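The values are calculated or read from the model by the stated rules, or taken from the named source; none is laboratory data. In this text, all values refer to a predicted model and were calculated from it rather than measured experimentally. Note that each Cβ is placed from the backbone with ideal geometry, even for glycine, and that neighbours are counted across all protein chains shown. Ligands, DNA and RNA are stripped out before the accessible areas are found, and what is left, the full protein with its side chains, is counted by its heavy atoms. Shrake-Rupley method; radii C 1.70, N 1.55, O 1.52, S 1.80 Å.
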Amino acid sequence: MTTRTFFLVDPSKAPVIWHNVRPLIEKTLVHAEGEMHSSDSLRSILNEDQQLWLGVDDGEIFLALITEIIRYPQKSTLRIINFSTQTEHDMDIWYEQAMAVLTEFGLKVNCTNLEAWCRKGFARKLDWEHEYVVISKPIKPKEAKQPRKRRRRSKTNGQL
């Protein structure tokens with residue numbers, strides 16, 4: 001019999017288990033756009049700006065999830081920042097339990113919805129409403145123009 005659980009990690013415990021969680025977090029960060037590193041996630045969890053959730057099956061961590069509460073002027077949302085599993089765990093087995101726990105937490109902290117930024121492939125697996133698309137375009141500073149060097153005229157009235 002499996003003892004699968006999904007729970008919120010106390011921020012003070014995050015450093016103790018981080019060596020087990022970090023590989024799962026980094027697994028998804030390779031698909032990101034460079035917004036953060038795993039050390040940034042740990043710092044945000046310790047500062048209580050983000051929340052670390054774990055799925056454990058028979059004592060083994062199989063799911064790591066990071067959320068963040070976003071306070072908009074008219075509503076609050078529980079945003080899933082990072083969602084990573086061990087490849088051998090079937091999402092259909094644990095998905096409902098994880099979403100129920102996240103929903104309960106969201107309601108407790110006065111959020112009106114769950115939100116996730118994800119790749120198209122993962123979005124197809126979820127049965128969520130498609131609200132908007134996030135697109136990006138790199139911007140780079142313009143290179144500073146070098147002042148043009150003025151050529152000096154010779155003392156012979158410009159004749160060479």
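Measuring nothing but protein heavy atoms, the accessible surface of the stretch 32-81 at 1.4 Å probe radius is 44 percent carbon and sulfur. Pairs with C-alpha atoms separated by more than 28 Å, drawn from the list Lys75/Lys142; Lys27/Lys120; Lys108/Lys137; Lys75/Lys120; Lys13/Lys137, are Lys75/Lys142; Lys108/Lys137; Lys13/Lys137. On full extension, the segment bounded by Leu107 and Arg148 gains 8.5 nm, given 0.36 nm per residue less the C-alpha separation. Protein-only accessible surface at a 1.4 angstrom probe places the residues Tyr95, Tyr72 in the order Tyr72, Tyr95, largest first. Using the Cβ-Cβ distance between Gln97 and Lys140 with R0 = 41 Å, the FRET efficiency computed as 1/(1 + (r/R0)^6) comes to roughly 0.40. Within the stretch 49-64, what residues put their amide N at less than 11 Å from the label point 7 Å along the Cα-to-Cβ vector of Thr3? Counting backbone N atoms under 11 Å from the label point, the list is 57-60.
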